[in-house]
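Below is one structure, written out as structure tokens; the observations come after it.
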Amino acid sequence: MHNALSHWPFAIPEIWVLVMACVVLLVDVYVGKRQRDLAFVLTGFSLLAAMALTWADRGQSGFAFFGQLRLDPFTSVASFFVELLTLLVLLYSRKYLLRRGLYRGEVFVLLLFALLGAMILISGSNLLILYLGLELLALSQYALVALQRDNLRATEAGLKYFILGALASALLLYGMSLLYGLTGVLNLQQIAVALINVGPQNFLLVLAVVFVVAGIAFKLGAAPFHMWLPDAYQGAPTPVTLFMSSVPKIAIFALFLRILVEGGYGSIEIWRQLFIALVLVSLLIGNVVAIAQTNLKRMLAYSTVGNMGFLALGIVAGTQNGLASAFFYAVVYALMAVAAFGLIVYLSREGFEAEEISDLRGLGRSRPWAAFLLLVIMFSLAGVPPTIGFYAKLAVFQALIEAHFVWLAVFGVLMAVVGAFYYLRVLKVALFDPPAEDLHYGADDPLAASVLTVNSVALLLLGIVPGALLAFCFHALQGVL
Amino acid sequence: MYSFGILSAAIWVPIVGGFLVLSLGDRAGGNLARWASLLVSVATFAITLPLLTGFDTQTAAMQFVERIPWIPSFHIEYFLGIDGISLWFILLTSFLTVLVVISSWRNVSSRLSQYLAAFLIMDGLMIGVFCALDAILFYVFWEAMLIPMFLIIGVWGGPRRVYATIKFFLYTFLGSVLMLVAFLYLYFHCGDSFSLLAFQRIPLGASAQIWIFLAFLIAFAVKIPMWPVHTWLPDAHVEAPTGGSVILAAVMLKMGAYGFLRLSLPITPDASHQLAWLMITLSLIAIVYIALIAVVQKDMKKLIAYSSIAHMGYVTLGFFVFTQTAVEGAIIQMLSHGFVSAAMFLCVGVLYDRMHTREIEAYGGVANVMPIFASLMMLFAMGNVGLPGTSGFVGEFMVVLGTYQAYPWPAIIAATGLITGAAYTLWLFKRVLFGGIVHAQVAALNDLNGREILVLGSLAGLVLLLGVWPAPFLDVVHVSVAHLLQQVSVSKIPS
């Protein structure tokens, strides 16, 4: 612990992503005009290499930079997934960006910085570092949302996202400052020790936890802190929505895990109550309001709200299995969301975003393969076996019943049925309605097509043999308590 | 007790075959898909036949067991096995799939390969339900089956297909999710195992049993369907294409009943006894009230759908009087209904293919132009009525007899259902087949072609065989039912 440099091996993936973000920026400045693909390929390579580096790190644990960052099984697994998801986002969006004149170096740099923020959220072990990671992730995303600066809706979405996001950050920061005031330390391990003697009746602790939970709920998009989400999802360019709906979910879960489990597990009785409220409202609002949507992106945004409710069910359980199931849910949800928005990206073209549900009319006839993938994605989101989405819900409910929250589990499964309705409605439009003459899909990007195929078929195959992925995610959280 | 993975083969051959058919597409006018599906379905039937020949009727233990870990972190196993109760339903499923493939030979105009693939995939999934012995595996098959059925009704169905299929899906989904909660509860209760056999063994407190029984009841009552959660069925049947109706009536409805035998009765025996009055009442309502509704239907398919609900009333009645005769009768009734309702829906399909209407009014005097059809349908109508010599008689008679041993009055009420059944079936028969020819279209009808004769004829043979000589069928179920009743008679409430 005496020499900072002796610990830097524990932060190799983070350092690599930071360096490569700068390299991509420089490369694009010099050759971007002529050779934009170079930056694209370089970004892809950076992500692949980051995945390899993270993979090589797995199984190790320790601290870097005097306890600022930590490496444990969870760090490796979660970082691996956010890198993978960022790579998927990148591959999905190439053609989309090209067609709309957004194929610029900034996108890649911002993506890498956002990823770096997410990775720091995952590995941070100090309140300040975590906050920096959160802001890095958030600021990159604000810029990404408003990427089409001439587009009124994108600008509005960006602004809305920024204002509410800043509010959420402020709430979180305030909660953190209360924690600091209560304990006098910023390091999470030390906070945990300092909190041992602070009972759950302590008013300051309650206040701190309330603010932290509110901030986390905001960032996750759990109701009633979800107001920004539909507008931001709808207004952002679809590849950015792709990113927003996947990577931050895992990163924010990690933030929760670091602050409230590693640091404040003693306060479980406080935050459990808060999460129960969040679950009830999210499941209800997410699933019911989604029914009223006609815009696919908005519908998926509300479905995010509902899904965050399911995720939070695992948090409510609060046990080893509960937290592991919530993490598993975050990973599975991210994979499903990426596939769902990826399909929209794939079908869109200039001037046609394929974002209305009615834009999918007759997909079953005009593009049977895409329709089949849509079928898998929607049933997976609805949690119908044999897709991986079912096991995510199963894991959460199992943990919940283990923790004796049978009534919440019953409420959850009933909401899953309500949720199934609007997924079915998308399928109804795509498969049962006659095709429309005036719909011309983009759907000519072989790269996105192959990624989409792999992504969606994986949802089905992982559903038939889910053992390995489950064990991988559950193993990551072993010993977290 | 030997195992070559026959059950796995019976599940996976049709599923993989279904995806192959899907990939063939509608090339060569769909002939490729037709023959491939026929091959796959016949192969599946052939695979399931050794189950019958190799079955040991002297033991109630599970046979042809396959057991390997599937999801080790949750202790979920790939655990298959059959006993006398499940055997016939596996054969029924694989056999009817062959018939459905043959009967769809020329009648499906659009997206034929997808249609056939959906049936093949469903074939595998339904067999999976009947042999899964791990609760989660059971649930996976149970739910996954909804997906192909959702598509079959939604894509190839009638004018109100969207309403019908979404109603069908949501109803059954709603029913089953609570079953999942019950499974998870039982999992922790029985020390981290999802094995149904372990569930059957663990002691359970009285109130826990009641809750679990109710959770199961919702799942199975929707599937069977029992009054008052039956309303999805007439809609689904009316809108479904012929093949869909056949599988729905002949196999899917049996799954709810099978669920009672495999789950409710052995896992919650005390609650079953305690709530038997409820089950008997609901069954009698189905037998009497639903049969009366059937009488006034104007649509042939709707009439048969309501008659299905009434017939399934005998099945649930038979289960909850807990006598050997009644339970065996109920199982025979399930099989018989599998044949008869499949045949009735196929008969309606035959008429619908020619006339494109299911309104009873549009027919009349069909017997004059379609004599072969009329005689076959006559047989099935008799089966539906429960005339001695047909399969319907054996099942209903045994159920009523078995009920009488335990509760005379419900048996008498149930017997009146036989009369109502005769009323609506014969009246339907009379209005469609007899009388003078009123409509010009009817006069131009052609009689059955070879393919249709093959399909209906084989069902006719089975209806008669089961009616005249039910002994081989009963031999298989006898020991398993005795074992089941013995399980049910022992209280599981820890003292």
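A short reminder: the numbers here are calculations on the coordinates, not readings from a lab. It should be emphasised that the depicted structure is a prediction, and the values quoted were computed from it without experimental measurement. Please note: Cβ atoms are built from the backbone with ideal geometry, for glycine as well, and neighbour counts cover all protein chains shown.
Annotations for the structure displayed:
- Calculated P(r) tail over 40 Å for the stretch A:4-478, as whole % of Cα pairs: 14 percent
- Under 23 Å between alpha carbons - lysine pairs in chain B that sit 8 or more apart or on different chains: 13
- If the chain linking B:Thr416 and B:Ile210 were pulled fully straight, counting 0.36 nm for each residue of separation and taking away their Cα-Cα distance, it would gain 71.0 nm.
- Calculated FRET efficiency for the pair B:Leu197/A:Ser450, C-beta based, R₀ 45 Å, to 0.05: 0.50
- Here is how the number arises for the protein assembly as shown: DSSP H runs of 4 or more residues each give -39500 (n - 2.57), the sum is divided by the residue count, and the result at 222 nm is -24000 deg cm²/dmol.
- The alpha-carbon of A:Lys33 sits under 18 angstrom from the alpha-carbons of these lysines, leaving out residues fewer than 8 places away in its chain: A:Lys95.
- In chain A, excluding the sites themselves, the longest stretch lacking any of the GluC sites (Glu not before Pro) that are in a DSSP loop with at most 12 other Cβ atoms within 10 Å is A:1-349.
- Neighbourhood charge, 12 Å Cβ-Cβ cut-off, centred on B:Trp70 and excluding it, Lys, Arg +1 and Asp, Glu -1: -2
- For the stretch A:146-211, trypsin sites (Lys or Arg not before Pro) are listed when DSSP marks them as loop and at most 16 other Cβ atoms sit within 10 Å of their Cβ; the list is A:Arg149.
- For the stretch B:186-314, a simple Cβ point-charge model (Lys and Arg +1, Asp and Glu -1, everything else neutral) yields a dipole of about 200 debye relative to the Cα centre.
- Value of Rg to Rh for the protein assembly as shown, rounded to two decimals, is 1.02; Kirkwood radius and Rg both from alpha-carbon coordinates.
- Cβ-based net charge around A:Arg34, under 15 Å, with every Lys or Arg adding one and every Asp or Glu removing one: +1
- For the stretch A:4-478: relative contact order, % (alpha-carbon pairs under 8 angstrom, 6 or more apart): 15 percent
- If you plug the beta carbon distance of A:Trp369 and A:Asp438 into 1/(1 + (r/R0)^6) with R0 = 30 Å, you get a FRET efficiency near 0.90.
- Degrees, to the nearest 10: B:6-24 long Cα axis against longest axis of chain B: 40 degrees
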